[in-house]
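Taking it in order: structure first as structure tokens, then the write-up.
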Amino acid sequence: MKTKLIPFVILSMIISFTACAQTSDAEAEAMANLLGVQKKEIITKLISITGKDSAIFWKLYDEYLQKNKSLTKQRIQLYEQTAKSYNQMTAVTADSLARRYFLNRDEQEKSLEDYYKKIKSATNAVTAFQFYQAETYLLTQVRATIMQQIPTYGEYRNAIKLKD
């Protein structure tokens, strides 16, 4: 499933994410839009559909991207809020962050399942499976790459201890 564009998308997302010390709603929106465009380019390489299924699929995929833009923005802002919380981490803050990550992921998974069903109903199970597989692959790659750029709280605390 590898394509030459995947590293570019992931790198672009990281650069966009790390370049903004404080992400405004407009900046998060711009990052979400950029990611959506780049994801669509990669999806065209990861799935194989033709004919009438193609037109239906891309209409539904565009709808999926639009629907999930707010989840993407929330996730970007959540990464930023996590990094900002490291200096004043409390049990309440940690629990709040964890719950928000769970909620965001649950909503993403629900949307993925909903659109799998919509695509399957409008086209066929093979096209829907390709969507599921490609989208899951991309989501996993992007999340893993971002998480590699952000130290865990434990790593952060250990680095501070080493400096003292």
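Each reported figure results from applying straightforward, stated rules to the coordinates on display, with no laboratory input. The shown structure was predicted, so the numbers you read here are calculated from the model rather than taken from an experiment. Heads up, the Cβs are rebuilt from the backbone with ideal geometry, glycines too, and the neighbour counts pull from every protein chain shown.
Observations on the structure shown:
- The sole residue among A125, A134 that is among the small types (G, A, S) and within 19 Å of the chain's Cα centre (by Cα) is A134.
- Inter-residue pairs, beta-carbon under 7 Å, first over 16 Å from L65 (Cβ atoms) and in the stretch 99-111, second assigned to a helix (DSSP H, G or I), 6+ apart: R100/L78; Y101/L78; N104/L71; N104/Q74; N104/R75; N104/L78
- In a residue-by-residue description of the stretch 66-77, the property of being touching a Phe, Trp or Tyr at 6+ places or on another chain (Cβ under 7 Å) and closer than 13 Å to K118 by Cβ applies to no position.
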